[in-house]
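Below: one structure, written as C-alpha cells.
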Amino acid sequence: MYATEKSGGELSGGGPSVRGMTDAIVVEGLVKRYGATTALDGVDLTVAEGSVLGLLGPNGAGKTTVVRTLTTLLAPDAGRAEVLGLDVVRDADRVRAVIGLTGQYAAVDEYLTGFENLEMVGRLYRLGKREARKRAGELLERFDLTDAANRPAKTYSGGMRRRLDIAASLINRPRVLFLDEPTTGLDPRSRLAMWEFIAELADGGTTILLTTQYLEEADRLADRMVVIDSGRVIARGTADELKAQVGGQRLEFTVTDAAVLPRMAVRLRPLGLDDPVVDEQARRLSLPVSGGAEVVAEALRLLDGDTSQIFDVGLRRPDLDDVFLALTGRVAETDTAASDATTVGSAR
Amino acid sequence: MSSLSIAVEDGLTITRRNLVKVKRVPELIVFATLSPIMFVLLFRYVFGSAIPIEGISYAEFLLPGIFAQTIVFGSTITGAGLAEDLQKGLIDRFRSLPMAPSAVLVGRTVADLALNALSIVVMGVTGLIVGWRIRSSFGEALAGLALLLLFAYAMSWLMATVGLLVRAPEVVQQASFIVIFPLTFIANTFVPTNNFPAVLKWIADWNPVSAVVQAARELFGNTAPILQTSDVWSLQHPVLYTLLWSAVLLAVFVPLSVRIYRRTASR
C-alpha cells in the first residue's frame, strides 16, 4: 500500500502546481527575513503523504529555515505552510502534536540517561508515566541503545546521540518527521546505520522531510528532491529527472601520457554527441555519448589498437554532484567535508 | 487538562530534569555549597578583624549580607543554564513539543530556587559555627528565609531574559559579573554605608540589595539599636521595598522571557 502511495508521490510531490488530499506538507511562497538578509525568498514545495522529500542545498541555502518554519520554531514573514492540513502559525500547538523533529545538533540532555531523555520527552507529550516509560524502552531497543539505556547521554558516541535524538522525535509516533542533516558529522558506519533506520521509517509510511548536504544521502533515501540555493528553489524532481537536466552519460578515458589525448580526440570525435573535452592536467578525455557497453567497444575499435597508454576507460552517468555543480555553479560538499564536519562536531 | 495544570506538570518535568543534572554533576553542588562557605569564612575573619560594628558582632552583621550576595550571584546560573540549552539545541527540541511555553523557564527557575535554598542553609550552618545567631522568633526567621528566596526567584527571571538574549553561557556569567559585583558591594552588605561618598550612599540607600539585607537583618534579629540605618524610605520599610522590587521584577520579566522564549531558536 505504501509502495503505491510512494509511486504516487513521485508523480505529484515536489511541485507546487499539483496538490491533492495526499499532501502531508504544503509550503507556498514562504519568505523569511533576518534584518536585511533574506533567508527564504518564496519557497514552494509539497510532500506527498508517506513519501520522502530530500531538501538539498549548500550551507546557508535556507534548508534549516524551512525546517524551523515547518516545525513551528520560526514564524514566516510571508507565505504559508501546512502540515497535515494544519497551519504552522495558527495551529502551531496541533502541528507540534503530530510531528517529530530531529535538529542539526543532537538535542539530547547529556546529563540524563538515554532512558530518562526519552521518558522526559514522552511526559512532555503527555503520554502519562507508564506509557512514556514503555515507549522509551521500545525505542531504545529499536535503536540499539538498550545496553546504554542507563548511562548519561554524555558518555554516548556521536552516532548513539543521533540515534537517541531520532528516537526522541519518534516518541509520539509522528506522521510527519523532519530530519535536519541527520547524518552530518557521523562516521561512515553510523551514517549507513542511520540510513537504514530512516528507510525503515519511510517504509512504515512516515512522511519524511530530510535536509542534507550529501547528495548520495538524498539519492538513497528520497523519493523526490528539491534543491534550494539562496532561499529559492532552483530545481525539483526525482534523482533521475535532476540528472537528466544535467545531461546524459559520458565516455571517459584516463591515460598515462597526456600527449596521446589530442590524437585520441580526433579519432573518437565521430562517436560523440558533441566534441570531446580534454583535460590534460587530469590526463582525461571525456565524450558525451549515448548507448551502452557497445559504445565502449566501438571506441576501442576506433582507436585501432592504439591503446597502450590507456589507464582506465568507462561510461559515467552524471551523479548528483554533477547536478549540483550545474545548478549552482558550486561544488557540493564531499565526504572530505564530511570528515571535517566530524572533527568540528567532536571539538564542540 | 486545563492549561494551568499542563503548565504545572510540564514545569515539574523540566524541574526534575534540571535537578538530575545537579545530582550528576558533583562540581555544581560543590560550587553551590563550598564557595558560600568560603565567603562566610573569608569575610568573617578578614573583614571581621578590621571592621568594628557598633552594638553587634561582625558575624551577625555579615550573614544577612552574604545571604543576599550569594542569591544574587546564584541568579546567573539561571541565565547561563538557559543559554546552554539554547546553544545545544535543546530549546529547539522543547519548542517543537506540544508543551506549555512557560515550562522550560519555570523548570529552570524552580530548580535554581532549590539550589539557592541549599546555599542559604549551608551558609547558615557555617555562620552559626562562626558566631552568627538568629535572635528573632522562628516565624520571623522563616519569613526572612522566604523573603530572600522570593527576591532570588525574581532575580532568576531577570537573568532568564538575559540568558535567552545573550545566548552564550560564558558571556552571561561574565557580563552579569560586571553588573552584580557593584550591585552587591555598593550596598550595606559588608560594611555600614554611613561613610560612603554621597553618590554611592544614595545608590546604596535605594539599591534593592540593601533593602533585602536590611530586611533579613531585621527578620533574623541581627540589628542593634545603636546601629544607625539610613532614614530613607526604602531602608525604613525594607520588607515592603523588597516585596515591591520582587513583584516588579516578576511582573516584567516572567511575561517578557516567556515571550522571548516563544520566538527563540538556536542559530
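Values in this text are rule-based calculations from the coordinates and carry no lab data. Computed from a predicted model, the values in this text were never measured in an experiment. Positions of Cβ are generated from backbone atoms using ideal geometry, with glycine treated the same way; all protein chains shown enter the neighbour counts.
Ignoring everything except DSSP H segments at least 4 long, calculate the 222 nm mean residue ellipticity for chain B; use -39,500 (n - 2.57) per segment, divide by total residues, nearest 500. Walk me through the numbers before you get to the answer.
Working: 11 runs with 200 residues, N = 267.
Value at 222 nm, helices only, nearest 500: -25500 deg cm²/dmol.
Could you work out the helix-only [θ] at 222 nm for chain A, with each DSSP H run of four or more residues adding -39,500 (n - 2.57) and the total divided by the number of residues, to the nearest 500 deg cm²/dmol?
Values: 13 runs with 135 residues, N = 348.
Computed ellipticity for chain A at 222 nm equals -11500 deg cm²/dmol.
Calculate the dipole size of chain B relative to its Cα centre from +1 charges on Lys and Arg beta carbons and -1 charges on Asp and Glu beta carbons; express the result in debye to the nearest 20.
Working: 19 positive and 14 negative charges, 175 e Å.
Roughly 840 debye for chain B.
Using a 10 Å cut-off around each Cβ, can you sort B:21, B:88 from fewest to most neighbouring Cβ atoms? Don't jump to the answer; show the numbers that get you there.
Values: B:21 16, B:88 19.
Fewest-to-most ranking of B:21, B:88: B:21, B:88.
Would you mind estimating how fast the protein assembly as shown diffuses translationally, via Stokes-Einstein at 37 °C and 0.692 mPa s with the Kirkwood radius over Cα pairs, in µm²/s?
Values: Rh = 28.2 Å.
After rounding, the answer is 116 µm²/s.
With unit charges on the beta carbons (Lys and Arg positive, Asp and Glu negative) and the dipole taken about the Cα centre of the protein assembly as shown, which residue among B:150, A:169, B:220 sits farthest to the positive side?
It is B:220, whose Cα lies furthest towards the positive end.
Arranged from highest to lowest average of other beta-carbon atoms within 10 Å per residue, in what order do the peptides A:51-61, A:306-316 appear? Before the final figure, lay out the partial values.
On the way: A:51-61: 23.5, A:306-316: 13.3.
Ranked by mean Cβ neighbours within 10 Å, highest first: A:51-61, A:306-316.
Rounded to a whole number of µm²/s, how large is the Stokes-Einstein D of the range B:3-263 at 25 °C and 0.890 mPa s, given Rh as the Kirkwood radius over C-alpha pairs? It would help to have the intermediate numbers written out before the result.
Working: Rh = 19.0 Å.
It comes out at roughly 129 µm²/s.
Based on DSSP H assignment, which helices of chain B show an axial Cα extent of at least 24 Å together with a mean Kyte-Doolittle hydropathy greater than or equal to -1.0?
Numbers: long enough: B:3-24 (32 Å, -0.02); B:58-87 (44 Å, 0.79); B:103-129 (39 Å, 1.76); B:138-166 (41 Å, 1.88); B:238-263 (37 Å, 1.24).
The answer, listed by residue number, is B:3-24, B:58-87, B:103-129, B:138-166, B:238-263.
Which of B:196, B:43, B:177, B:67 comes first, and how do the rest follow, when ranked by fewest Cβ neighbours within 10 Å? Before the final figure, lay out each step's value.
On the way: B:196 18, B:43 21, B:177 12, B:67 29.
The most exposed by this proxy come first: B:177, B:196, B:43, B:67.
Would you mind giving the mean number of other chain beta-carbons within 10 Å of the Cβ of each residue in B:20-27, as a whole number? Present the calculation step by step, with values, prior to reporting the outcome.
Working: counts 7, 5, 1, 1, 6, 3, 0, 0.
Whole-number average of other-chain Cβ neighbours for B:20-27 is 3.
I'd like the projected area of the range B:123-172, averaged over all directions, using the convex hull of its alpha carbons. Report it in nm² with one decimal. Walk me through the numbers on the way to the answer.
On the way: hull surface 19.4 nm².
In nm², the orientation-averaged hull projection of the range B:123-172 is 4.8.
Which of B:105, A:225, A:192 sits farthest toward the positive end of the charge dipole of the protein assembly as shown, with +1 on the Cβ of Lys and Arg and -1 on the Cβ of Asp and Glu?
Looking along the dipole axis, the top candidate is B:105.
From the P(r) of chain A, could you give the percentage of C-alpha pairs in the tail past 38 Å? Walk me through the numbers before you get to the answer.
Numbers: 16659 of 60378 pairs.
Looking at chain A, the distances longer than 38 Å represent 28 percent of pairs.
Give me log10 I(q)/I(0) at q = 0.20, 0.23, 0.26 Å⁻¹ for the range B:1-53, Debye formula, one equal scatterer per alpha-carbon, no solvent.
Listed by q, the Debye log ratios stand at -0.76, -0.84, -0.92.
Quick one: P(r) of the range A:247-304 from all Cα-Cα pairs, 10 Å bins, percents rounded to integers, in order of increasing distance.
Each 10 Å bin holds this share of Cα pairs: 25, 60, 16.
Using only atoms on other chains, find how many Cβ atoms lie within 10 Å of each Cβ of peptide A:104-114 and report the average.
Working: counts 3, 7, 3, 10, 4, 8, 4, 9, 5, 2, 0.
For this peptide, the per-residue mean of nearby foreign Cβ atoms is 5.
Mind checking which of A:71, A:326, B:239 is farthest towards the positive end of the protein assembly as shown's charge dipole, using Cβ charges of +1 (Lys, Arg) and -1 (Asp, Glu) about the Cα centre?
It is B:239, whose Cα lies furthest towards the positive end.
Among A:186, B:227, B:82, which comes first, second and so on when ranked by fewest other beta-carbon atoms within 10 Å?
Numbers: A:186 24, B:227 15, B:82 30.
Ranking A:186, B:227, B:82 by Cβ neighbours within 10 Å, fewest first, gives B:227, A:186, B:82.
Please go through the residue pairs A:129/B:23; B:23/B:88; A:32/A:134; A:63/B:21; A:134/B:21; A:129/B:88 and name each one whose alpha carbons sit more than 28 Å apart in this structure. Write out the running numbers ahead of the final one.
On the way: A:129/B:23 22 Å; B:23/B:88 20 Å; A:32/A:134 40 Å; A:63/B:21 33 Å; A:134/B:21 23 Å; A:129/B:88 26 Å.
Beyond 28 Å: A:32/A:134; A:63/B:21.
In debye to the nearest 20, how big a dipole does chain A give about its Cα centre with +1 on each Lys and Arg Cβ and -1 on each Asp and Glu Cβ? Don't skip to the end; give the middle numbers.
Values: 43 positive and 52 negative charges, 254 e Å.
Here the size comes out at about 1220 debye.
What dipole magnitude, in Debye to the nearest 20, does the range B:1-127 give about its Cα centre under +1 on Lys/Arg Cβ and -1 on Asp/Glu Cβ?
420 debye
What is the mean number of Cβ atoms from other protein chains located within 10 Å of the Cβ atom of each residue in peptide B:84-96, rounded to a whole number? Write out the running numbers ahead of the final one.
Working: counts 0, 2, 0, 2, 7, 9, 6, 2, 11, 15, 4, 8, 16.
Going residue by residue through B:84-96 and averaging, the value is 6.
How much of the DSSP beta bridge set in the range A:61-219 is antiparallel, as a percent to the nearest 5?
Working: 3 of 12 bridges.
Rounded to the nearest five, the antiparallel share is 25 percent.
If eta is 1.567 mPa s and T is 4 °C, what Stokes-Einstein diffusion coefficient results for the range B:115-264, Kirkwood Rh from Cα pairs, in µm²/s? List each step's numbers first, then the result.
Working: Rh = 16.8 Å.
This corresponds to a translational diffusion coefficient of 77 µm²/s.
May I ask you to derive the relative contact order of the range A:248-317, considering only C-alpha pairs under 8 Å and at least 6 residues apart, and to give it as an integer percent? Intermediate results must be reported in sequence, preceding the final value.
Details: 123 pairs, mean separation 33.5, N = 70.
Value for the range A:248-317: 48 percent.
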